[in-house]
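Novice: I'd like to ask you about the structure that follows.
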Amino acid sequence: MYFSNVIGLNDVKQHLIDSVHSGFVPHARIFYGPEGVGKLPLAIAYARYLNCSERGVNDACGECPSCHKFDKLAHPDLHFVFPVVKSKVSDDYLPQWRKFLSEHSYFNINQWLSFINAENAQGYIYSKESDEIIRKLNLKVYEALYKVMIIWLPEKMNIACSNKLLKLIEEPPANTIFLLISEESESVLPTIRSRCLPLNIRSIEKEEMVGALSLNFDLSDAEANSIAHISNGSYTAALHMIESSEDNRFLFQLFVNMMRASVSGNIKSIKETANEIAGIGREIQKSFISYSLKMFREYFVANLGEPAMVYLNDYEEQFGERFSPFINEKNIEQFNDEFSLAYRQIEQNGNAKIIFLELCLRATLLLRK
């Protein structure tokens with residue numbers, strides 16, 4: 001991955017390039033921002049540029065030995081840490097990780113876990129990972145200018161692992177760089193976050209998004225503009241809309257079923273809907289809750305008469321014509337609180353049947369406000 005492969009964010013790319021030329025290379029950075037905006041490919045491009053022996057003005061050369069090894073993500077001084085399952089460490093999944101990255105530059109954790117057949121398991125960075133990180137970084141730099149450790153989603157890091165890394169991140173070995181890639185920086189251990197130079201990676205500019213979609217897909221101008229608007233600066237979301245419309249429709253139908261059952265107040269329908277949602281995998285349950293939170297936000301904003309701030313596709317908008325009035329200033333905050341709580345409970349492996357039955361019942365009360 002090169003800077004040229006990162007969509008938009010030209011000012012951020014230029015900032016990183018200028019910092020290298022000026023000799024300002026912080027030992028730890030945290031790239032934070034929303035999902036799907038290019039934080040990971042940006043970090044890899046930055047790591048490549050740092051170690052390129054023939055750097056160009058705007059990008060790595062692509063021809064030196066370091067660049068050839070980065071092409072395969074197999075440079076001996078490039079290390080990755082990322083969420084895994086079964087209490088393993090990242091190196092156990094390194095071949096799959098390299099293959100996945102070679103095929104996907106923009107993705108989310110659900111796609112990664114699906115790739116490694118995690119089934120219902122949630123991804124974590126387990127405590128034993130810290131021992132591997134310490135071991136690797138205590139070795140001398142093999143051949144590059146810098147040894148780079150990229151930690152994708154440090155918010156998934158076990159607390160014991162985080163605590164073990166505090167000293168290492170504060171005072172790493174010579175010529176060692178930590179790059180943390182976070183989508184929920186407030187969930188990263190504060191003492192780790194405070195030891196990293198923050199770099200906010202904002203949403204991709206709409207014009208840049210439209211250009212990338214038009215270049216990579218057979219879309220009309222109207223289709224590219226519509227997808228760019230709805231995805232709201234996330235290329236991962238845009239790809240999902242193009243490639244996985246059935247998945248979105250599945251989440252939408254679950255949402256419709258839940259809202260209709262809750263509006264009706266029919267206990268039999270509520271139980272059936274709760275059981276249906278409880279029967280899907282935990283990662284999909286989390287996706288459903290996130291999707292529902294998005295829908296509440298969109299329908300609430302739709303009531304304010306600000307169409308430019310609404311990000312709905314055709315069938316979501318059609319359902320909202322009758323449903324959106326139910327989401328108002330009397331219940332929007334409580335909807336957010338209740339569904340956010342359910343998300344945390346699912347993450348903590350709570351009983352899904354109880355969680356979603358309770359959520360449906362809460363929704364029934366809130367929709368009558």
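The values are calculated or read from the model by the stated rules, or taken from the named source; none is laboratory data. For clarity, every value in this text was computed on a predicted model and none was experimentally measured. Here the Cβ positions follow ideal geometry from the backbone for every residue, glycine too, while neighbour counts run over all protein chains shown.
Novice: Give all pairs with beta carbons closer than 6 Å in which a residue from the stretch 177-204 that is touching a residue at least 24 places away in the same chain (Cβ under 8 Å) meets a residue that is of a type in the set (Lys, Arg) and in a helix (DSSP H, G or I); count only pairs at least 6 apart in sequence or on separate chains.
Specialist: Listed by first residue and then by second, the contacts come to Ile181/Lys39; Ile201/Lys39.
Novice: Select, from Arg297, Arg282, the only residue that is under 30 Å from Ala121 (Cα atoms), without any contact (Cβ under 8 Å) to a residue 40 or more places away in the chain and buried (at least 16 other Cβ atoms within 10 Å of the Cβ).
Specialist: Unique residue meeting the criteria: Arg297.
Novice: If I filter the stretch 296-310 for residues that are under 22 Å from the mean Cα position of the chain (by Cα), modelled with pLDDT of 95 or more and not small (Gly, Ala, Ser), do I get at least one hit?
Specialist: yes
Novice: Test of understanding: among Ala274, Ala342, Ala308, which residue is in contact (Cβ under 8 Å) with a residue 60 or more places away in the chain and either among the hydrophobic types (A, V, I, L, M, F, W, C) or outside the structural domain of Ala222 (by TED's automatic domain parsing) (or both)?
Specialist: Criteria check complete, one pass: Ala274.
Novice: Let me ask something additional. Given Ile159, Ile134, Ile201, which one is crowded, with 19+ Cβ neighbours inside 10 Å and among the hydrophobic types (A, V, I, L, M, F, W, C)?
Specialist: On inspection, the qualifying residue turns out to be Ile201.
Novice: Could you list, in sequence order, all residues of the stretch 205-219 that are without any contact (Cβ under 8 Å) to a residue 60 or more places away in the chain and outside any helix (DSSP H, G or I)?
Specialist: Matches in the stretch 205-219: Phe217, Asp218, Leu219.
Novice: Oh, and also: Of all the residues that make up the stretch 27-77, how many are within 17 Å of the chain's Cα centre (by Cα) and basic (Lys, Arg)? Full working, then the answer.
Specialist: Narrowing the stretch 27-77 to residues within 17 Å of the chain's Cα centre (by Cα): 30-44.
Then keep just the ones that are basic (Lys, Arg); that gives 39.
Qualifying residue count, the stretch 27-77: 1.
Novice: Out of all the residues in the stretch 183-196, which are of a type outside the set (Gly, Ala, Ser), under 16 Å from Trp152 (Cα atoms) and either in a helix (DSSP H, G or I) or not assigned by TED's automatic domain parsing to the domain that holds Ser127 (or both)?
Specialist: To start, the set of residues in the stretch 183-196 that are of a type outside the set (Gly, Ala, Ser) comprises 183-184, 186, 188-193, 195-196.
When the remaining residues are screened for being under 16 Å from Trp152 (Cα atoms), the result is 183-184, 186, 188-189, 192-193, 196.
Answer for the stretch 183-196, where residues must be of a type outside the set (Gly, Ala, Ser), under 16 Å from Trp152 (Cα atoms) and either in a helix (DSSP H, G or I) or not assigned by TED's automatic domain parsing to the domain that holds Ser127 (or both): Glu186, Ile192, Arg193.
Novice: With respect to the numbered conditions (1) within 25 Å of Lys13 (Cα to Cα); (2) part of a helix (DSSP H, G or I); (3) free of Cβ contacts under 8 Å to residues at least 60 places away in the same chain; (4) of a type in the set (S, T, N, Q), which one is the sole condition not fulfilled by Ser66?
Specialist: With (1) within 25 Å of Lys13 (Cα to Cα); (2) part of a helix (DSSP H, G or I); (3) free of Cβ contacts under 8 Å to residues at least 60 places away in the same chain; (4) of a type in the set (S, T, N, Q) applied to Ser66, the lone miss is (3).
Yes or no, residue by residue, for (1) under 25 Å from the mean Cα position of the chain (by Cα); (2) at pLDDT 95 or above:
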position	(1), (2)
Glu321	no, no
Glu329	no, no
Asp337	yes, yes
Ser340	yes, yes
Glu347	yes, no
Ile354	no, yes
Glu358	no, yes
Ala363	no, yes
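Novice: If only one of Ser214, Ser185, Ser220 is hydroxyl-bearing (Ser, Thr, Tyr), under 22 Å from the mean Cα position of the chain (by Cα) and modelled with pLDDT under 95, which one is it?
Specialist: Details: Ser214 fails: under 22 Å from the mean Cα position of the chain (by Cα); Ser220 fails: under 22 Å from the mean Cα position of the chain (by Cα).
After applying the criteria, what remains is Ser185.
Novice: Do we have any residue at all in the stretch 79-88 that's among the charged types (D, E, K, R), at pLDDT below 95 and either surrounded by fewer than 22 Cβ atoms within 10 Å (Cβ to Cβ) or out of contact with any Gly (no Cβ under 8 Å at 6 or more places or on another chain) (or both)? I'd like the intermediate steps shown before the answer.
Specialist: If we filter the stretch 79-88 for residues that are among the charged types (D, E, K, R), which is where we start, we get 86, 88.
Checking which are at pLDDT below 95 leaves us with 86, 88.
Of the ones still in play, those that are also either surrounded by fewer than 22 Cβ atoms within 10 Å (Cβ to Cβ) or out of contact with any Gly (no Cβ under 8 Å at 6 or more places or on another chain) (or both) are 86, 88.
Scanning the stretch 79-88, I find at least one residue that is among the charged types (D, E, K, R), at pLDDT below 95 and either surrounded by fewer than 22 Cβ atoms within 10 Å (Cβ to Cβ) or out of contact with any Gly (no Cβ under 8 Å at 6 or more places or on another chain) (or both), so the answer is yes.
Novice: Between Val20, Val12, which is touching a residue at least 24 places away in the same chain (Cβ under 8 Å), farther than 24 Å from Glu63 by Cβ and part of a helix (DSSP H, G or I)?
Specialist: Val12
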